[in-house]
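Scroll down for the structure; my scribbles are underneath it.
The values are calculated or read from the model by the stated rules, or taken from the named source; none is laboratory data. Quantities reported herein were computed from a predicted structural model and do not represent experimental measurements. Note: ideal-geometry Cβ built from the backbone for every residue, glycine included; neighbour counts use all protein chains shown. Please note that ligands, DNA and RNA were not included when accessible areas were found on the heavy atoms of the full protein model with its side chains. Shrake-Rupley method; radii C 1.70, N 1.55, O 1.52, S 1.80 Å.
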Amino acid sequence: MASGRHLLARIDDALSDARATFRTLDVEVQSNNAAMARNHRRQLAAYQSLAQDRLRDIEQNSGAAESSADRDAVALLERRETALEALAKSIAENKAKLTELRDEEQSRTQELENAESALEDLLENVDRQLANSASHQRLVYTAQKALDTVANATEKLNDAQAQRELKREPYDNDPLFSYLWDEGYGTSEYQGGLIKRFMDGVVARHARFESARRNFFTLNEIPRQLSAHVAQLEALAAQHAQALADAEANADRDAGGDTLREAVDQGETALAEIEQQIEVAQKEFAALLRQRQAFADGRDPDYVAALKCLSDEMRDEDIGELARAAALTPSSNDDEIVATLAELREEADRLDEYIEGHRELHSKRADRMNGLITLRRRYRERGFDRSNSIIDDQSHVNRMLSEFTMGLISSERLWRHISKAQRFQQTRVSTGRQPGHIGQIRIPKMPRSVRIPRNVGRSGGFGGGGFRTKGGF
């Protein structure tokens, strides 16, 4: 078993490791992409050299102008390099910003934990003082007695209601009795003419309705009166509970509880603000990663356009055609260029095979890193990092986290395991003093300012300040 904040730290460590692993692969992939870009530029330079030789021949024969495709490709690749440098700078700045925010988050978390601990100590100290206060114990005794009275009266009400349901069946199944009862016969509500009254009277005498009516009335009247009595007792119990809650609230206030609770509230607000900034930075980082992934995959606009320029220019002539053309010239320079082009093409094929083979791995590692980012956000949104959050079977959860980082399980499966292992433990700070129930009896509606005494539901006798009987809060 470990705290929810401890698991959050484990998630942050896994996220840092995932970023480091991604950066290592990313550097290697980008290095090969850069090698591929250099290869294409060398091919372009070679083709430009061949084009210059061809241009001289063209100029001598027809004065044809040089194609603009080569110049366009060079400009696009140079612009791509500038954009890639700017992107790398943005990623570094975002990483530094996240590191700074993480440090501030840890500081704010420690401040909040200190404030919560101080408030918890103060409330426990106030409890001990109230336990030794005769006047406070009188309030506790009075409230407890009122609760016990409500519980006893409620038991009687439940018994009366059960008896009513048990004994009313013969009355409900008697059509004559039901008819006369619904008509209100024998009461001031009964209405009817002379003939109706005569006939109903005959039926009533035959069915001995008057005696049955009194018994049925009493059968219903007892639960009604008991219900009204219980309502009065509940209202009185609520008044005593309010008096006890007010006394404890005043004791907390006199001891400085309001100041410490305000410090806790401010700490939670400050931590939430930092977390919001982290979420924004994480989203910015994810967007930068998507751009970086586009460069790694060769999907950025400049790279696509440069490749198109090269492919369009290379499409008309292959190496064999270029070699045959070079053999017809008196110079050996173009023969060397064609040989170099053949080597560059072979190198490009090898680089392309590597990049294609690692592109999926690059994408998977990026997905796992983004999955950890999403997991952390869901973890925070569900409040699993609160001070009263507990993670059961920590070793199993850690193993599942490791399996996710290795790509063996999905992020949803990891989240389900974390959700099952997480629970909240009840603490004074986390629960506060909220209205509750009297045993199985809900306290009547009270104004918002009315709060149930905090020692509701605690075990122990009057000396410990807790309610002790079946009517406890």
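Observations, loosely collected:
- Average accessible surface area per residue within the range 360-430, 1.4 Å rolling probe, Å²: 51
- Label-to-label distance, nm, for residues given as Glu85 and Thr269 (7 Å Cα→Cβ offset): 4.6
- With a simple spin-label model that places each label point 7 Å from the Cα along the Cα-to-Cβ direction, the separation between Gln106 and Ser332 comes to 6.6 nm.
- Calculated from backbone phi, Karplus (6.51, -1.76, 1.60) coupling profile of the range 280-292 in Hz, x at Gly/Pro: 5, 5, 5, 5, 4, 4, 4, 5, 5, 5, 5, 5, 4
- Taking the average, over residues, of other Cβ atoms within 10 Å as the packing measure, peptides 241-254, 160-173, 200-213 rank 241-254, 200-213, 160-173 from highest down.
- Förster radius 56 Å - calculated FRET efficiency between Ser363 and Asp121, Cβ distance, rounded to 0.05: 0.65
- Flagged links, alpha-carbon separation over 32 Å, of Lys89/Lys420; Lys167/Lys196; Lys364/Lys420; Lys97/Lys364: Lys89/Lys420
- Estimated from the Cβ-Cβ distance and a Förster radius of 51 angstrom, the FRET efficiency linking His396 and Leu176 is about 0.15.
- Packing, taken as the mean count of other beta carbons within 10 Å per residue, orders the peptides 178-186, 35-43 from highest to lowest as 35-43, 178-186.
- Nitroxide proxy distance, nm - points 7 Å out along Cα→Cβ at Thr187 and Arg128: 6.2
- In order through the range 235-248: 3J(HN,Hα) via Karplus (6.51 cos²θ - 1.76 cosθ + 1.60), integer Hz, x for Gly, Pro: 4, 5, 5, 5, 5, 5, 5, 5, 4, 5, 4, 4, 5, 5
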